[in-house]
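A short write-up of the structure that comes next.
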């Protein structure tokens, strides 16, 4: 596994949800720009995500929440979501060097009634 943590782009301020959506889509247009952590691979397997599902999510999803800042790693994480079949899939991503994505985890988004 590549140590991507040392290469994470340090934004002075987080991207807006719209800016993050556009940047993630731009980067994910080339599948070679997307790296997946071991944890994300395990979650994909247990939740029935394929790499094709993940790429579709990254290329067509929307970031609708503000970035979450991790002070320990000094990085902003973005949650991108999209309806897949009849459920909403989401991925937590980090933008690296403004040209790569690191997918931290994937999930089925749960909504409270």
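The values are calculated or read from the model by the stated rules, or taken from the named source; none is laboratory data. Quantities reported herein were computed from a predicted structural model and do not represent experimental measurements. Cβ coordinates were reconstructed from backbone atoms using ideal geometry, including for glycine residues, and neighbour counts include every protein chain displayed.
Condition first: more than 21 Å from residue 16 (Cα to Cα) and in contact with a helix residue (DSSP H, G or I) (Cβ under 9 Å, 6 or more places away or on another chain). Can you find one or more residues in region 62-75 that meet it?
First pass over region 62-75, keeping only residues more than 21 Å from residue 16 (Cα to Cα): 72.
Next cut, in contact with a helix residue (DSSP H, G or I) (Cβ under 9 Å, 6 or more places away or on another chain) only: none.
No, the conditions are met nowhere in region 62-75.
Scanning region 40-50 for residues that are surrounded by 13 or more Cβ atoms within 10 Å (Cβ to Cβ) and either in contact (Cβ under 8 Å) with a residue 24 or more places away in the chain or in contact with a helix residue (DSSP H, G or I) (Cβ under 9 Å, 6 or more places away or on another chain) (or both) yields a total of 5. Residue pairs whose Cβ atoms lie under 8 Å apart, sitting 6 or more positions apart in sequence or on different chains, and linking a residue in region 64-86 that is modelled with pLDDT under 90 to a partner that is in a loop (DSSP other than H, G, I, E, B) and exposed (fewer than 13 other Cβ atoms within 10 Å of the Cβ), are 74/10; 75/10.
Residue-by-condition table, conditions (1) touching a strand residue (DSSP E or B) at 6+ places or on another chain (Cβ under 9 Å); (2) within 13 Å of residue 93 (Cβ to Cβ):
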residue	(1), (2)
31	no, no
34	yes, yes
46	no, no
49	yes, no
55	yes, yes
67	yes, yes
71	no, no
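Within region 10-34, track down each residue that is crowded, with 17+ Cβ neighbours inside 10 Å and not in a loop (DSSP other than H, G, I, E, B). Of everything in region 10-34, those that are crowded, with 17+ Cβ neighbours inside 10 Å and not in a loop (DSSP other than H, G, I, E, B) turn out to be 17, 20, 21, 23, 24, 27, 28, 34.
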